[in-house]
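Right, one structure below, let's go through it.
The values are calculated or read from the model by the stated rules, or taken from the named source; none is laboratory data. As the structure is a prediction and not an experimental result, all values here were calculated from the model. Note that each Cβ is placed from the backbone with ideal geometry, even for glycine, and that neighbours are counted across all protein chains shown. Heads up: the accessible areas ignore ligands, DNA and RNA and are worked out on the full protein's heavy atoms, side chains in. Shrake-Rupley method; radii C 1.70, N 1.55, O 1.52, S 1.80 Å.
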Amino acid sequence: SAMGIAVQDLGHYLDVVAKAQSSSNTSMEQLLEAYVNVGGTLRNLNVDIEESSTLLGILANRGKKGAEAGTNFNSIIVNLIGANKSAKTAMDELGVSAWDSNGKFIGLTETLKLLLDTLNDPSITDAQRNNFIAKIGGKTQMDTLQALLSGINEEYQDLYGVLNDCAGASEDA
């Protein structure tokens, strides 16, 4: 219910969660716990189940699971969309935004990719990079932001592809 999933879509939701369980270091129960804590934010931003399960799978592969992953992920999302002043200032300094010129959300994955590309610019020193990560992640979620950024390229593509081909996974589980 936190994700706003309609009854007729429950089968697909369970297929994605089951496939994420078998394709990353998490369980269905842990993913469901995560969604309790982050589902409302994801629903408000229209983030689909495949994208969110992929990002939660990346966090699980780095040891962040269950309710902890949901809470941490929610904090990062809030910072990425500019609801935290320090994070917004840092994002503005980098010229990265989760919103397009019309005020439409560009998506979590796209925002993380833009942020990663900008932070990897050779003109940014290690000290600057770490300072930006601290400001955007916040003092308690720097490691969560780093975990997401470290998995946003190839790992993301591989897991996202698997989760898009998940029909029947809940039956197999």
| request: State the percentage of accessible surface on the chain attributable to carbon and sulfur atoms; use a 1.4 Å probe and exclude ligands, DNA and RNA. | output: 47
| message | Using a 1.4 angstrom probe on the protein heavy atoms only, could you order THR140, THR89 from most to least accessible area? | response | THR140, THR89
| remark: Taking r as the C-beta separation of ALA127 and SER22 and R0 as 35 Å, the FRET efficiency to the nearest 0.05 is 0.30
| note | Per-residue ellipticity at 222 nm attributable to helices in the chain (runs of n ≥ 4 DSSP H, -39500 (n - 2.57) apiece, nearest 500 deg cm²/dmol) works out to -20500 deg cm²/dmol
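Excluding the sites themselves, what is the longest stretch of the chain that contains no trypsin sites (Lys or Arg not before Pro) in a DSSP loop with at most 15 other C-beta atoms within 10 Å?
Values: sites that count: LYS104, LYS139.
Counting at most 15 other Cβ atoms within 10 Å as exposed, the longest clean stretch of the chain is 1-103.
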| said: Assuming a strict under-21 Å limit between Cα atoms, what lysine pair count do you get for the chain once near-sequence pairs (fewer than 8 apart, same chain) are dropped? | reply: 15
| query | Per 5 Å bin, what is the whole-percent P(r) computed from every C-alpha pair distance within the chain? | reply | 1, 9, 18, 22, 20, 14, 9, 4, 2, 1, 0
| said: As a test of reading the structure, rank MET3, MET28 by solvent-accessible area (1.4 Å probe, protein chains only), most first. | reply: MET28, MET3
| If all Cα-Cα distances of segment 96-173 are sorted into 5 Å bins from 0 onward, what percent lands in each bin, rounded to whole numbers? | 3, 13, 18, 20, 17, 13, 7, 5, 3, 1, 0
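So with the 1.4 Å probe, I'd like the accessible area per residue for segment 1-157, rounded to whole Å². Don't skip to the end; give the middle numbers.
On the way: 7370 Å² over 157 residues.
That works out to 47 Å² for each residue.
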| task | Provide the solvent-accessible area of GLU51, counting protein heavy atoms only and rolling a 1.4 Å probe, rounded to the nearest 10 Å². | result | 30
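Pick out, in residue order, every one of the chymotrypsin sites (Phe, Trp or Tyr not before Pro) in segment 82-142 that is DSSP loop and has at most 14 other C-beta atoms within 10 Å; say none if there are none. The partial results should precede the final answer.
On the way: sites: TRP99, PHE105, PHE132; in loops: none.
In loop regions of segment 82-142 (DSSP not H, G, I, E or B), there are no sparsely surrounded chymotrypsin sites (Phe, Trp or Tyr not before Pro).
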| field | Derived scalar couplings ³J(HN,Hα) [segment 66-76; Karplus, 6.51 cos²θ - 1.76 cosθ + 1.60; whole Hz; x for Gly, Pro] | value | x, 4, 4, 4, x, 5, 5, 4, 4, 4, 5
| note | Note on segment 1-43: alpha-carbon gyration tensor, axes a ≥ b ≥ c; rule is a/c under 1.5 for rounded, else prolate if a/b larger than b/c, else oblate; result oblate
| note | Here segment 102-114 yields Karplus 3J(HN,Hα) values (6.51, -1.76, 1.60; θ = phi - 60°; whole Hz; Gly and Pro given as x) of 9, x, 8, 5, 8, x, 5, 4, 4, 5, 5, 5, 4
| Hey, how many Å between the Cα centroid of segment 127-152 and the Cα centroid of segment 63-109? | 11
